[in-house]
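The values are calculated or read from the model by the stated rules, or taken from the named source; none is laboratory data. Since this is a predicted model, take the numbers as computed values, not measurements. Methodologically, a virtual Cβ is constructed for each residue, glycine included, from the backbone with ideal geometry; neighbour enumeration extends over all protein chains shown. Accessible surface is based on the protein model in full, side chains and every heavy atom, while ligands, DNA and RNA are left aside. Shrake-Rupley method; radii C 1.70, N 1.55, O 1.52, S 1.80 Å.
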Amino acid sequence: MKKAGIWILILGILLSAVPVFGTAGTDTMSDIAGLDCERAVRELVSLNIMEGYDDGTFRPKAVLNRAEFSALISRVLGMEQGADALREQTVFQDVAPSHWAAGYIHAAAGLGIINGYGDGMFGPEDEITLEQACKMVLECMGYGIPAAEKGGYPNGYLVTAAQYGLTRDIGTAGAEPLPRGEAAKLLAQALDVDLIERDYGTDTYSRQTGVTLRTKLCAQLGLERKEGIVTANAYTSLNGSTGMAEGR
């Protein structure tokens, strides 16, 4: 019997520090059952990075816009709470403080993850493409320099994303709009790639073995990974007897 990687939540930290995104739990999203994005979606929902809709669906084929993807990047980096404090900044002409994603967009811009279109505009409602998403994800991983060495945007980022497995099993092409299900696969596959850290004051960089988006996020959220076999939960058990007692 294979062991399964289980993410154990430190409940006190979760309740005090982590907001809930949406009301659709992973057990209600029947429209992802059996799809190749199902595992990635359920993992990201459990980590509070992505969310379902109030009607219990996930809508994997719905295309994300640039504001929505900026929010996902902020959550991957554990900046959910800090982003709200940045709402009032003026970065892009078309992102007002009242925009629901203003804090996320400003946070990502402050870290150099996004640059907009170069004319002071960001286009928050524009559909995000695979190549734009790859650039944002790679920048938050520190891979901007390697991507630049391979030709920069867009091809250098697409090549680098493919090299490290971020676009594995993704059918969307570079300039095509990115559906939610494909975005889930992209983000999930980025979680366990070693991050790159730029050497201060230089254009050189080094790979941080064992330091990933997952390890940094889980350290911030109080999550701990455990290896083992689940024999029971609060509802059922493998042998059909009554499940675990409440709170165990």
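For a protection proxy built on the mean count of beta-carbon atoms within 10 angstrom, sort 215-228, 132-145 highest first, please.
Peptide ranking by packing, descending: 132-145, 215-228.
For the chain, with the dipole built from +1 on Lys and Arg beta-carbon atoms and -1 on Asp and Glu ones, taken about the Cα centre, which of G52, L158, N233 lies farthest toward the positive end?
Value: N233.
State, in angstrom, two size descriptors of the chain derived from its alpha carbons: Rg to one decimal place and Dmax to the nearest whole number.
Considering the chain through its Cα atoms, Rg and Dmax are 18.9, 63 Å.
If you roll a 1.4 Å probe over the stretch 75-131 with all protein chains in place, what percent of the accessible area is carbon or sulfur?
Using a 1.4 Å probe with all protein chains present, the stretch 75-131 comes out at 50 percent carbon and sulfur.
Please work out whether the stretch 172-240 counts as rounded, prolate or oblate from its C-alpha gyration tensor, where a ≥ b ≥ c are the square roots of the eigenvalues and a/c under 1.5 means rounded, while otherwise a/b larger than b/c means prolate and anything else oblate?
Because a/c hits 1.5 or more and a/b fails to exceed b/c, the stretch 172-240 counts as oblate.
Using a/c under 1.5 as the rounded threshold, could you call the stretch 34-176 rounded, prolate or oblate? The axes a ≥ b ≥ c are square roots of the C-alpha gyration tensor eigenvalues, and prolate needs a/b larger than b/c, oblate otherwise.
oblate
Provide the FRET efficiency to the nearest 0.05 for the Y205-Y53 pair, computing r from the beta carbons and using R0 = 45 Å.
0.70
For the chain, give the magnitude of the charge dipole about the Cα centre (Cβ charges: +1 Lys/Arg, -1 Asp/Glu; no others), in debye to the nearest 20.
It works out to roughly 820 debye.
E197 to A85: FRET efficiency via 1/(1 + (r/R0)^6), r the Cβ-Cβ distance, R0 30 Å, to the nearest 0.05?
0.75
Using only helices, what value at 222 nm comes out for the chain when you add -39,500 (n - 2.57) per DSSP H run of length 4 or more and divide by the total residues, to the nearest 500 deg cm²/dmol?
Result for the chain, helices only: -10000 deg cm²/dmol.
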